[in-house]
Amino acid sequence: MRSLRAYAGRAVALACLLTATAAASGEELRTRLSNEDRGLINDAGMDYSGCLQEQAMSHVNEENDVRQVAARAVEDCSNIMDSLRQQLDERRIDPDYYQGILRHIKTRAIRQVMPSIMMYKAQSADADSDQ
């Protein structure tokens, strides 16, 4: 029991020290977005959505499964999300705060592109059956 208390005491002391060090060095993370931050996120979201649409259509004839088409498009466009993540880190925005935003952007873009892929596949299959 004593070793557990000693460990807990050391952990609390270390946490306090790290918090004090971060606060003293001015490295506090932000949990609020400025208008400039929001603009950056919106622009990246539109870029990601457009990239996903473009890449999905470029891979649509290479894969039979629409999920694989979407997965390849997501992989091809990952640099946009990585860049946004890096820019938000540079702006000292708390990663716990923005991870949900990035997940929402990615999910929304995938949900928008999936019907396009399925429609294209269906039309392609109809055209092939007519011949």
Expected single match for loosely packed, with under 12 Cβ neighbours inside 10 Å, assigned by TED's automatic domain parsing to the domain that holds Gly39, among the charged types (D, E, K, R) and not in a loop (DSSP other than H, G, I, E, B) among Arg108, Arg103 is Arg103
Note on segment 37-89: residues of a type in the set (Val, Ile, Thr) and not in a helix (DSSP H, G or I) are Val60
Looking across segment 85-131 at residues that are of a type in the set (Gly, Ala, Ser) and out of contact with any helix residue (DSSP H, G or I) (no Cβ under 6 Å at 6 or more places or on another chain), the single one that is nearest to Ser58 (Cα to Cα) is Ser116
Self-check item: Thr31 being over 15 Å from the mean Cα position of the chain (by Cα) and exposed (fewer than 13 other Cβ atoms within 10 Å of the Cβ)
Solution: yes
- Task: Report yes if Ile80 is touching a Cys at 6+ places or on another chain (Cβ under 8 Å) and either among the hydroxyl-bearing types (Ser, Thr, Tyr) or surrounded by 14 or more Cβ atoms within 10 Å (Cβ to Cβ) (or both), otherwise no.
- Result: yes
Considering segment 89-100, residues that are loosely packed, with under 11 Cβ neighbours inside 10 Å and not small (Gly, Ala, Ser), and then whichever is farthest from Arg32 (Cα to Cα), we arrive at Glu90
Output for Cβ contacts, cut-off 6 Å, separation at least six or different chains, first residue at pLDDT 95 or above in segment 57-77, second polar (S, T, N, Q) and part of a helix (DSSP H, G or I), reads Ala73/Gln55; Asp76/Gln55; Cys77/Gln55
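The values are calculated or read from the model by the stated rules, or taken from the named source; none is laboratory data. Because the structure is predicted, anything quoted here is derived from the model rather than measured. No Cβ is skipped: glycine too gets one built from the backbone with ideal geometry, and neighbour counts run over all protein chains shown.
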